[in-house]
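Q: Okay, here's the structure, questions in a sec.
No lab work stands behind these numbers, since they all come straight from the coordinates. Since the model is a prediction, treat every value here as computed from it, not as a measurement. Note that we place each Cβ from the backbone using ideal geometry, even for glycine, and neighbour counts take in every protein chain shown.
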Amino acid sequence: MTDLAERVAAPTAKVDQAVRTPGPWRSIAKHTGLILLTLVMLYPVIWMVVSSLRPNEEIFRSPGVIPDSFRFENYSEGWNALSSPFGHYLINSAIVVLGCIIGNLVSCSMAAYAFARLEFRGKKLWFAIMLGTIMLPIHVIIVPQYVMFSQFGWVNTFLPLIVPKLLATDAFFVFLMVQFIRGLPRELDEAARIDGAGHPRIFRQVILPLMLPALATTTIFTFIWTWNDFFSQLIYLTDPEMYTVPVALRSYVDATVSTSWGSMFAMSVVSLLPIFLAFLVGQRFLIKGIATTGIK
Amino acid sequence: MATTTARPSSTRPPAGPAAAQRRGRPARHRTDGIAGYLFLSPWLLGLLTITAIPMLMSLYLSFTNYDVLSDWESMEWVGLDNYRTMFTDDPSFWHAVQTTLVFALVATPLKLAAALGVALLLNRPFKGAGLFRGLFYLPSLLGGSVALAIVWVNMFNRDGAFNSFLSWFGIEGKAWVNDPDFALGTLILLAVWQFGAPMVIFLAGLKQVPVELYEAASVDGASPWRKFINITLPMLSPVIFFNLVLETINGFQGFTSAFVLSNGTGGPVDSTLMYTLHLYIKGWNEYQMGYASAMAWVFLLAIGLVTAVVFRTGRFWVHYSDGED
């Protein structure tokens, strides 16, 4: 169990020597170690992709990652294994994700502008409360929230997943944007103010265009978190028609017990493709985002 | 935290409301007040309806036997019964507490050690450092998904890749995910696998350590190990602290992997019954919403307590360079 952890933690002590006197051997050792570690780290992902292309009886025979034969039918079978084609769940997830992104961008940027640029009574208190809610586990409010939304008749709609984002409940992003806006030179909005612009105009025409990097970070994190989110989607979406990707994939485990592993892995791959693409496109913003605010 | 309010009066808009100026307050404050609350209104509405009211409501529900299915009239005030049952009459509750504590207390230090170790390796710029950073970061984006949990379970099953690997060394493995002694271990390993996010934060922190400190230490003939203990660790301690708080709280909230591994039951023998999973089972399988609310409040208090303890101990080992020591 600690096998991986030891392998990962072991190089710690050697590090300083290695970087201090970069002799050729040290450098080679370091690179070899890093490459080995990378292989260990990526093995589960590679194994998933390879298994998705293997015939059923081959998946569990060897840990190797070079398949003897390719079985692309896994994908077509997996796509059609549930009551709706898998594309249906992809679209459901896409709708939820899109709603959440729009909600977070609009509501969080407005709140952030107020906290970063405007002076009003009670601001410090509200700001402290906002910071406090960042750490609040969703489990504390999920029961009454569920009761409330089910009274509204919102269970098995996407509203319980999207509406909270329209109301800036992801305080993480408010904080991220506040930090970003504080870094922008005030002279710009002062100049706009002297030219007679009101706050809505300064916000739209001065601040928003300048905070594009923060908006990009928010978009990409909202995308990944919402796409992966399982708990709230499991609770609110019980009708198979409304299933999103994680809930559908989970029901797949029940539906295909010991029948078609390959197609289950195939759909696992499909479900992770959007995350992988988001990572490729937005790596810069992701890394910057967590480095500056420490969000996950 | 908040920005300073002092600003030169010349920046005041020329045509502020006269009334405000008569009272000797800068006009800006009045106009900002309205604008401020307008900009804040979605957030305020959310705070009220999505967070504050549900929190109070769950506190109330925790003293009732509410079950969602029947109507409100049949709901009864049961006083502290839910809490009493939880602590004295629900063995699974204590299993859940134990499982969650073991998970958080084992996974968090391992994850942070891995994150720090690899961050130190990647700290000095070299060819390909960015690529390695990206590849190590990727698992923390994938690891929380249902898909990866499915992969994990199958890798550590009887015929899984892990046992095939062990068989090369003549070791006969078992169905780790079905063994009460090891199932949680596989979940801890999955959590540690996602060390990329704290690693990136460590990397950002390492960039802030002044190079002069290392140079001065080299002049004094300090060994690399001493430099790590006496410079890197203290200078990095605020970042370590930040990661520790964040990852501990995350650790307490683990749900997806335990749900997938145990098919929503917390098994085998409650060994993967994370606290949040027990709450889910009580609330949405058994419809005991009152009980689930009580669990939620105990959870909030526990997380608050743990965070407070971490902050307390932080005084003894977190070093802020703008302080005097």
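Q: Quick check on the protein assembly as shown: take the gyration tensor over C-alpha atoms, sort the square-rooted eigenvalues as a ≥ b ≥ c, and tell me if it's rounded (a/c under 1.5), prolate or oblate. Spell out each step's value before the answer.
A: Numbers: a/c = 1.65, a/b = 1.17, b/c = 1.40.
It comes out oblate by the Cα gyration axes.
Q: For chain B, rounded, prolate or oblate, judged on the Cα gyration tensor with a ≥ b ≥ c (square roots of eigenvalues), a/c < 1.5 rounded, else prolate if a/b > b/c?
A: oblate
Q: Students often check this: by mean Cβ neighbours within 10 Å, which of B:223-235, B:105-117 ranks highest, and how do the rest follow? Walk me through the numbers before you get to the answer.
A: Numbers: B:223-235: 15.8, B:105-117: 22.4.
Per-residue Cβ counts within 10 Å, averaged per peptide and sorted highest first, yield B:105-117, B:223-235.
Q: Gain in length, B:Glu215 to B:Ser74, computed as 0.36 nm per residue apart minus the alpha-carbon separation, to one decimal in nm?
A: Numbers: separation 141, 0.36 × 141 = 50.76 nm, distance 7.34 nm.
Going from the current span to full extension adds 43.4 nm.
Q: Please average, across the residues of A:270-277, the number of beta carbons from any other chain that are within 10 Å of each residue's own beta carbon, and give a whole number.
A: On the way: counts 1, 5, 7, 1, 0, 7, 3, 0.
That average works out to 3.
Q: Related question: Taking θ as phi - 60°, what are the ³J(HN,Hα) couplings along region B:258-264 by the Karplus curve (6.51, -1.76, 1.60), each to the nearest whole Hz, with x for Gly and Pro?
A: Working through the residues one at a time gives 5, 4, 5, 4, 9, 6, x Hz.
Q: Could I ask something else about it? Using r as the Cβ-Cβ distance of B:Arg312 and A:Ala197, and R0 as 51 Å, what FRET efficiency do you calculate, to the nearest 0.05? Don't skip to the answer; put the middle values down first.
A: Details: r = 48 Å, r/R0 = 0.94.
According to the calculation, E is roughly 0.60.
Q: Spelling out what I want: for every residue of region A:238-247, take phi, set θ = phi - 60°, compute 6.51 cos²θ - 1.76 cosθ + 1.60 (Karplus), and round to whole Hz; glycine and proline get x.
A: Result, ordered by residue: 10, 8, x, 4, 9, 3, 9, 4, x, 5 Hz.
Q: Let me ask something else about it. At 222 nm, what helix-only mean residue ellipticity would chain A give, in deg cm²/dmol to the nearest 500, using -39500 (n - 2.57) for each DSSP H run of four or more? Let's see the in-between values first.
A: On the way: 15 runs with 208 residues, N = 296.
Helix-only estimate at 222 nm: -22500 deg cm²/dmol.
Q: Taking neighbour Cβ counts within 10 Å as the exposure measure, how do A:Met135, B:Met295 sort from fewest upward? Can you show the working numbers first?
A: Details: A:Met135 14, B:Met295 29.
If I rank by nearby Cβ atoms, fewest first, I get A:Met135, B:Met295.
Q: Could you calculate the FRET efficiency of B:Ser223 with A:Ile134 from 1/(1 + (r/R0)^6), where r is the beta carbon distance between them and R0 is 30 Å, rounded to 0.05?
A: Values: r = 41 Å, r/R0 = 1.36.
With a Förster radius of 30 Å, E is 0.15.
Q: What does the average come to when, for each residue of peptide B:246-258, you count the partner chain Cβ atoms lying within 10 Å of its Cβ?
A: The mean count of partner-chain Cβ atoms within 10 Å per residue comes to 2.
Q: Calculate, in nm to one decimal, what A:Ser69 and A:Thr157 gain on full extension: separation in residues at 0.36 nm each, minus their alpha carbon distance.
A: Numbers: separation 88, 0.36 × 88 = 31.68 nm, distance 4.24 nm.
Here the segment from A:Ser69 to A:Thr157 would lengthen by 27.4 nm.
Q: Now a separate question. On C-alpha positions alone, give me the angle between the axis of helix A:24-51 and the longest principal axis of chain A, in degrees, nearest 10.
A: Approximately 80 degrees, to the nearest 10.
Q: Around A:Gly103, with a cut-off of 13 angstrom between Cβ atoms, what is the net charge of the other residues, counting Lys and Arg +1 and Asp and Glu -1? Can you show the working numbers first?
A: Numbers: positive: A:Lys165; negative: A:Asp170.
Value of the local net charge: 0.
Q: How many angstrom lie between the Cα centre of region A:77-102 and the Cα centre of region B:235-283?
A: When both Cα centres are located, 27 Å separates them.
Q: I would also like to ask the following. Can you work out ³J(HN,Hα) from phi for every residue in region B:207-220, in order, using Karplus 6.51 cos²θ - 1.76 cosθ + 1.60 and θ = phi - 60°, giving whole Hz and x for Gly and Pro?
A: Coupling constants for region B:207-220: 5, 7, 6, x, 4, 4, 4, 5, 4, 4, 5, 5, 4, 7 Hz.
Q: Then there is this: What percent does the relative contact order of region B:62-317 come to when contacts are Cα pairs within less than 8 Å and at least six residues apart? Walk me through the intermediate numbers first.
A: On the way: 301 pairs, mean separation 79.3, N = 256.
RCO, region B:62-317: 31 percent.
Q: Under the Kirkwood approximation for Rh and a Cα-based Rg, what ratio Rg/Rh is obtained for region A:85-251? Show your work: numbers first, answer last.
A: Details: Rg = 18.2 Å, Rh = 17.4 Å.
Radius of gyration relative to Kirkwood radius: 1.05.
Q: Can you give me the distance in nm between label points at B:Leu38 and A:Val281, each placed 7 Å from the Cα along the Cα-to-Cβ direction?
A: Roughly 3.4 nm, to one decimal.
Q: With each pseudo-label sitting 7 Å past Cα toward Cβ, what's the B:Phe165-A:Leu125 distance in nm, one decimal?
A: 5.5
Q: Along Cα→Cβ, 7 Å out, is where each label goes; now give me the distance between the ones at A:Glu57 and B:Thr88 in nm to one decimal.
A: The modelled label-to-label distance comes out at 6.1 nm.
Q: Please determine, in degrees from 0 to 90 and to the nearest 10, the orientation of helix A:86-117 with respect to the longest principal axis defined by the Cα atoms of chain A, where the helix direction is its Cα long axis.
A: 30
Q: Give the residue list of chymotrypsin sites (Phe, Trp or Tyr not before Pro) in region B:235-325 that are DSSP loop and have at most 14 other beta-carbon atoms within 10 angstrom.
A: When the chymotrypsin sites (Phe, Trp or Tyr not before Pro) of region B:235-325 are filtered for loop state and at most 14 Cβ neighbours within 10 Å, B:Tyr320 remain.
Q: Roughly how crowded by other chains is peptide A:120-127, in terms of the mean Cβ count from those chains within 10 Å of each of its Cβ atoms?
A: Details: counts 12, 5, 4, 8, 3, 1, 7, 3.
Across A:120-127, the average partner-chain Cβ count within 10 Å equals 5.
Q: Could you state the number of Å between the C-alpha centres of region A:183-225 and region B:106-156?
A: That distance is 34 Å.
Q: Report, in degrees rounded to the nearest 10, the 0 to 90 angle that the Cα long axis of helix A:139-151 makes with the longest principal axis of chain A.
A: Approximately 80 degrees, to the nearest 10.
Q: Now, a different point. Please list the non-local residues whose amide H lies under 5 Å from the amide H of B:Thr64, H modeled 1.01 Å from N, same-chain partners needing a gap of 5 or more.
A: B:Val78
Q: Tell me what chain B gives for mean residue ellipticity at 222 nm when only DSSP H runs of n ≥ 4 count, each as -39,500 (n - 2.57), the sum divided by the residue total, rounded to 500 deg cm²/dmol.
A: Details: 16 runs with 204 residues, N = 325.
Result for chain B: -20000 deg cm²/dmol, rounded to the nearest 500.
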